[in-house]
Structures are given as structure tokens and as C-alpha cells.
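S.K.: Here you go, one structure.
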Amino acid sequence: MRKFILILAILCQVLPAAAAYHGITVANGSIGIMPWNEPLKVSQVLLNNVYDSAGKDGVSRMVRGINPFTPVLEIDGSAPRTTGFVQDIDMRRAVLSSSFQVPGKARVRYDVRALRHLAFTGMMDILIIADADIDVRLSLNPMDVPGEYASSATAVIDRNIERTKVKFLRCSALTAHRGVKVCATAAFVPAEGEVSGDLTSVSVRLRKGQVFRTALVGSICSSADFSDPENESEREVIMVCHTGPDAAVKAHERLWEELWKGDIIIEGDDEAQRAVTMALYHLYSFCREGSRQSIPPFGLSHQGYNGHIFWDTEMWMYPPMLFLNGGIAESMMDYRIDRLPAARRKAMAYGWKGAMFPWESDASGDEACPPFALTGILEQHITADIAIAAWNYYRMTGDKGWLREEGWALIREAAEFCADRAERNDDGSWSIRDVVGADEYASGVDDNAFTNGSAICALRAAVKAAAVLDLEAPERWSEVAGGLRILKAPDGTTLEYEGYYGRRVKQADVNLLAYPLALVQGDEAVRRDLEYYEPRLDPTGPAMSYAILALQHARLGNGDKAYALFNKSYKSHLRPPFGVLAETSVGKACYFATGAGGLLQAVINGFCGLELTDEGVVQLPSALPPHWKSVTVTGVGPERKTYRKVQ
């Protein structure tokens, strides 16, 4: 069983015809490749932070890239009949392997990777074992150009590389509405020997028992990332031609081995281990250090929510990365820092001071929420959430230079917005009115608990950041932070907003004041809010709410209750055959990265009890599920520490 935990391969047979197939993505933070349940089939390639309009006059939507992974296999001159299709995912090495048989003729296995060391390149490594004397031909179909493109052009490109003539297949296209140029280059790269000739196809005569290997390499680049995407897509393919597929695999695996230094090991529950490792695998896949990019709710698995960046990043996905991978966490902060000018413009446009970050952000940093959704105007807690994330980055790293040069402007401008957004009441208290809180079922409410709570924390963080930098914080920041209303019922239960009467809530709102905001403290107060709001959560709501409740019960010492809620956060959301995590228990499958973030926080900050404070990481008392022997979290913080909780 320990071997399973270390290798973490998930094996699946082809599902019955009536069953739905839900693919799993291999990604490297820039491109996401979705292999499918047909031999040598890739269904889509998604491009991070590349957007076109969803339609004429529509808001932006993440672009599907040109798909260069379109190989055609012929054996003895015709398309073969295949049987026994099987897939497995090795999350440690970030490779999806598929295999099938051509009865009486051959066995085929192919591995699909989004190469970690070449950010815009993927590789399909193909191995054929002959069971008879056969003629094999692999060729490239025309590349798959999705519907979001207006025009495309395909050509065989001749190159003379160090006096060696080589031919590649290249396809270029412009997106339909915003004219983003996307270019893909593909080539078959031999496993051994010189690279020359026409690399758009390969033919070989195999004797019985003979093994043949080649790799289809494809690179997809866009004008969103490069001034010259055509030639850059060729360069990355040429790099693999130059080094060879084995060197590419070695470089890819070396970087993934480095990623897995930040890890979670559960003893006593293989099912939970698999879910947690899959959550980490996806968050590591969906972003990369140094990219200055972030993660949409479905990462690079789907165009859901148009691939925009929400509070999901800072509240749910960012905290586990802050604990386990500082490079990815910094990139997620860089994303917001780069878009601070756009947030300033939005605040100005709506008559506020400081910076007002969009509810849905795309590459521009402008508001990308559909106009009909009031969340784009009223769900304003996101600005405070981003400021809290920036302060937490400083608390984790202690990097005063980063705070001064990068983080301070963001924290300051967010605090200015929060302070300006608040209104003073006659009794001296402060209110933020007409908002949508974390519970999006309640629109246009006053004094939402999470909105006010996050503003309090952002303002307090700004005061502390100013002190670290020997700057003077405006008195209004402390005044508003000390006076914002957190409403209570007569029995002490925190009210979600003024006039709240117990209606169903979409997702955790009040309960976030205990964790991560730490504004509701004391076991009795935390337990009271948990008992009141748990039955009011929509059971078909997003996955992460139950994870946050599980975390708090673990800290209260309720291991059984915490485990039951932990299971509710993912088990009914899993989709076959790999167990990808859907957003809701009734939702369609594409991997819900937001839910992954909640799941990981339940383990890191709940069961293992880790807490980020002004003095760094501390380990609080907590309870494990009764059958868990231990949970170990490795690679925490800049010093890559290990923390362990035993039963």
C-alpha cells in the first residue's frame, strides 16, 4: 500500500458506453492538455491568461489553443481496429499514460506530458511493440482549430538547422473577435538518431517483437505572451529535437520532483491521500513560478467562468501554495500587483478612493464579469481579500524588500478603498452597505459579515505594514477597522447581514470569520456559528464550504465531525474514472481548483493545525479523524520545514 501512496497512479479501464467519461488534465501553468478516452486523442488545449470575447460584444473568455496533438496511426496501410484501452495518471511525474492493442499486430502505449521546463510545449511519447511483422505509419492530421478562431493557415515549414534540413507542420490563426494570434508547431522527434527530413510523418517496417518509439512534440504560443509567436513555437519544438525526448522527460521530472517537496502525507486513509494528492497535483499544474499568472476556478481543465480570476485565488487556492510553494504563491501575488493600475481606474470610475479590484479579472485587469451579474459591481470583498493575501505573503516570507517595493502599494490602495467604502453611522459605528457577500444568494445587503470582516482585516494589515516600513498610517484606517459592524443575534450568533432571518446560504460566509479571518474567537463562539450555519448551507453549493467547516471542527477537537464534513467536501463531487473534483455534488466534471484549495486547507490548517501569524507559522492543537494515524506536511515556508500531527 505504501507503494501506491508513493507512486500515486490511478488506473482506469474504458467505461461502459452509458457512463460519462471525465478526463484529467496534464498542465504546466501555461498550457493545459486534455487527453481523451480514444486512442491517440487529445480533446483540447487551454491557454492560461489568453482571452478572446465569448461572442460578439461579449465579455472575455479563456481561449482554447490550436491542438497540434492529432496523430494518425496506420498499420499495414489502414486504420487499425483497437481493443483494451486503458489509462493511468502518475501525479508524481505529471504524465498521463494510455495503452491499447491492435489484435494480432501490435501493442501501443503513449505518454502525454505538458513539459514543465518548456512552458508552452507538450509531448506525446509513443511506443509500439510489434506482435507480427507490420508496416507502421504515423502522420499528422490537420491541427484542430477550435471555433473561437476566425481564420487559420497551415503550412509545412522547411528549416535548415545547422546544415540539416527539417520539415515541421505549423498552423497559425487569429481569434474571432479580438485578433489574438495563436501559432502551433508540431513534429515527430525520433527517440534515437539524427533529426532530419520530413518530421510531419514517420514510416517504419517492424519485425515481430521489435520495439519502435517516437515522440510527437507540439508547442502552442500566442501574441499574448510573445511578439513573434510563430517562431517561438518552432523554437520550443526545435529544443526537444535538439535534446531528444529522453532529456525532455528528465528535465520535466526533475522540476516535478522539486514541486513535490511541498507535500502532504496521510497515514491510515488511502482514499483521503488520493484526493489530497490530486488536489496538490492540480494546483501545481495550473500555475508556475515566475509566470506572474494566477489560477481560474477550473484551472486549465475547462473554460468554466470564462477562465477569469476571482476571490477563489486569494481565499482558497493561494493559502496552500503559500505554505507549500512560495514561487507559485509569489506568482499569484504578482498577477494582482501587475493589475493594480486597472484596479485604481475602476475605483475612480465608481467614485471611490484607492483601488477596487474586479470581481472577475482577465489579462487586462479590468472588470470582466457579465454586465447582468450584480457580483461585478457589488461583490467588493475581493479587494480586501487581495490585501490580506499580500500581507500574508509578507508574514510567511518576512521579505521586507518585497513589502516595500511590491506589496505596500497594493495593501495601501486596498485600505484606502475599504476606508472610503465605509459610512459612519449616528452611533459612531461604521457600515458598508449595498454589497454581495461570499453568500451570493443575498444581493444588495448591508453590513455583510464577511465583507465587513475582510475589510477589518485588510485595514489592520495595512496599519501593521505601515509600521514595518516606518510609515504613518492614516488614523481613519484604524477608526474604521475598530468600528465596522459585525452584527450578532441575541444569543450571540453572528448574523450574516442586517435583517438576516435564517434563509439558505450558497456557501460559507459568516464561518469565514473564525477561519481564516480570526475575528470570531473562542470555542463557544466558533461552535455556535458552526451549528447555526451548517444546516443552512445549500447542499448543492460549492465544494469548499464543508472543507472550511471541517477545518474548524478539527481545531475544536471534534475529529469525527471534522472527518464527516471533510468527506462532504469532496466525495460526492468526484467524477469517474479518475476522480476529478466537480464544483458541486450535482455539477459537471472539470477539475474545480477552488475546491482543491479548500480540501488542502482542511488538512494543512485543520487536521495538522498550522496557522500563519505575525510571528510566522505555528501549530495549534487539533484533532485527526479517529482512523488516521498521522498527517505530515512537508516543505512549509521559505525554510521548507516539516510539521507532523499524530493520533
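S.K.: Just need a number here: residues in region 589-647 that are surrounded by fewer than 19 Cβ atoms within 10 Å (Cβ to Cβ) and over 26 Å from ALA461 (Cβ atoms).
M.R.: Qualifying residue count, region 589-647: 10.
S.K.: How many residues are under 28 Å from SER331 (Cα atoms) and modelled with pLDDT of 50 or more if we restrict to region 1-41?
M.R.: Counting residues in region 1-41 that are under 28 Å from SER331 (Cα atoms) and modelled with pLDDT of 50 or more gives 13.
Residue-wise test of (1) buried (at least 17 other Cβ atoms within 10 Å of the Cβ); (2) in contact with a Phe, Trp or Tyr (Cβ under 7 Å, 6 or more places away or on another chain).
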site	(1), (2)
ASN141	no, no
GLY147	no, no
THR175	yes, yes
LEU199	yes, yes
SER222	yes, no
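S.K.: Across region 40-59, which residue is nearest to GLU367 (Cα to Cα) among those that are surrounded by 21 or more Cβ atoms within 10 Å (Cβ to Cβ) and among the hydrophobic types (A, V, I, L, M, F, W, C)?
M.R.: My answer is VAL50.
S.K.: What residue, of LYS250, LYS261, is surrounded by fewer than 17 Cβ atoms within 10 Å (Cβ to Cβ) and closer than 18 Å to GLU192 by Cβ?
M.R.: LYS250
S.K.: Could you pull out the residue among SER285, SER291 that is outside the structural domain of GLY32 (by TED's automatic domain parsing) and part of a loop (DSSP other than H, G, I, E, B)?
M.R.: After ruling out the rest, the residue left standing is SER291.
Rundown of residues vs (1) under 21 Å from PRO142 (Cβ atoms); (2) buried (at least 23 other Cβ atoms within 10 Å of the Cβ); (3) under 27 Å from the mean Cα position of the chain (by Cα); (4) among the hydroxyl-bearing types (Ser, Thr, Tyr), yes/no style:
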residue	(1), (2), (3), (4)
THR185	yes, yes, yes, yes
SER203	yes, no, no, yes
LEU206	no, no, no, no
GLY218	yes, yes, yes, no
ASP228	no, no, no, no
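S.K.: Run down ALA473, ALA462 and say which single residue is over 21 Å from ALA514 (Cβ atoms), among the small types (Gly, Ala, Ser) and surrounded by 23 or more Cβ atoms within 10 Å (Cβ to Cβ).
M.R.: The conditions single out ALA462.
S.K.: Now a separate question. Would you confirm whether any residue within region 148-162 is touching a residue at least 40 places away in the same chain (Cβ under 8 Å), over 30 Å from VAL102 (Cα atoms) and over 37 Å from the mean Cα position of the chain (by Cα)?
M.R.: Within region 148-162 (the criterion being touching a residue at least 40 places away in the same chain (Cβ under 8 Å), over 30 Å from VAL102 (Cα atoms) and over 37 Å from the mean Cα position of the chain (by Cα)), the answer is yes, since at least one residue qualifies.
S.K.: While we're on this one: Can you find even one residue in region 408-416 that is farther than 19 Å from MET315 by Cα, surrounded by fewer than 19 Cβ atoms within 10 Å (Cβ to Cβ) and at pLDDT 95 or above?
M.R.: Yes, region 408-416 contains at least one residue that is farther than 19 Å from MET315 by Cα, surrounded by fewer than 19 Cβ atoms within 10 Å (Cβ to Cβ) and at pLDDT 95 or above.
S.K.: Assess whether PRO625 counts as being outside any strand (DSSP E or B) and closer than 28 Å to ARG503 by Cβ.
M.R.: no
S.K.: When TYR515 is evaluated against the numbered criteria (1) farther than 21 Å from ALA596 by Cα; (2) of a type outside the set (Val, Ile, Thr); (3) not assigned by TED's automatic domain parsing to the domain that holds ILE604, which criterion, by number, is the only one it fails?
M.R.: The failed condition is (1).
S.K.: While we're looking at this one, here's another question. With within 10 Å of the chain's Cα centre (by Cα), over 18 Å from GLU583 (Cβ atoms) and either touching a residue at least 24 places away in the same chain (Cβ under 8 Å) or not in a helix (DSSP H, G or I) (or both) as the only criterion, which of LEU280, LEU300 stands out?
M.R.: The conditions single out LEU280.
S.K.: Every residue in region 564-621 that is among the acidic types (Asp, Glu) and without any contact (Cβ under 8 Å) to a residue 12 or more places away in the chain, please.
M.R.: GLU611, GLU615
S.K.: Exactly one condition in (1) in contact with a helix residue (DSSP H, G or I) (Cβ under 8 Å, 6 or more places away or on another chain); (2) under 21 Å from ALA27 (Cα atoms); (3) polar (S, T, N, Q) is false for GLN87; which is it?
M.R.: Failing condition for GLN87: (1).
S.K.: Test TYR570 against the criterion of being buried (at least 24 other Cβ atoms within 10 Å of the Cβ) and out of contact with any Phe, Trp or Tyr (no Cβ under 8 Å at 6 or more places or on another chain), and give yes or no.
M.R.: Here the answer is yes, as TYR570 does meet what is asked.
The values are calculated or read from the model by the stated rules, or taken from the named source; none is laboratory data. Owing to the predicted nature of the structure, the values given are computational and were not obtained by experimental measurement. Note that each Cβ is placed from the backbone with ideal geometry, even for glycine, and that neighbours are counted across all protein chains shown.
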